[in-house]
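The values are calculated or read from the model by the stated rules, or taken from the named source; none is laboratory data. Quantities reported herein were computed from a predicted structural model and do not represent experimental measurements. Here the Cβ positions follow ideal geometry from the backbone for every residue, glycine too, while neighbour counts run over all protein chains shown.
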Amino acid sequence: MRRSRFGRCLRRALLLLIPILYAGSIPWYRDPDSEVSLWLGLPDWVAAAMLCYLAVAILNALAWLLTDVSDGAEDEARRR
């Protein structure tokens, strides 16, 4: 089954967001001398990184749902 143009564009957008989230998980925005605050029971930079990784996993799963994967039956039918 072929996906629509919207589905292909959405998949590409999801895949482009993944490296942005990975970059956002790096705590480069923190001042080294700043006080550590707890968020969700973790240092704020750890919690932000974990939330980014969770978002990456969700976006990756959604992108795979939008991916056409052939089971080989069509290729086998063409060979006959």
Exercise for the section: Name the single residue, out of those in region 18-72 being over 30 Å from Arg5 (Cβ atoms) and of a type in the set (Val, Ile, Thr), that is surrounded by the most Cβ atoms within 10 Å (Cβ to Cβ). Expected result: Val46
Practice task
Please go through region 4-32 and pick out each residue that is small (Gly, Ala, Ser), over 10 Å from Ala55 (Cβ atoms) and in a helix (DSSP H, G or I).
Solution key: Gly7, Ala13, Ala23
Practice task
Name every residue in region 5-32 that is free of Cβ contacts under 8 Å to residues at least 40 places away in the same chain and among the small types (Gly, Ala, Ser), in order of residue number.
Solution key: Ala13, Ala23, Gly24, Ser25
Practice task
List the number of the failed condition for Glu35; all other conditions in (1) under 21 Å from the mean Cα position of the chain (by Cα); (2) free of Cβ contacts under 8 Å to residues at least 12 places away in the same chain hold.
Solution key: (1)
Fill in the blank from the handout: So, first residue at pLDDT 70 or above in region 53-80, second residue assigned to a helix (DSSP H, G or I) and charged (D, E, K, R), Cβ within less than 7 Å, six or more apart or across chains; the pairs are Ala63/Arg11; Leu66/Arg11; Thr67/Arg11
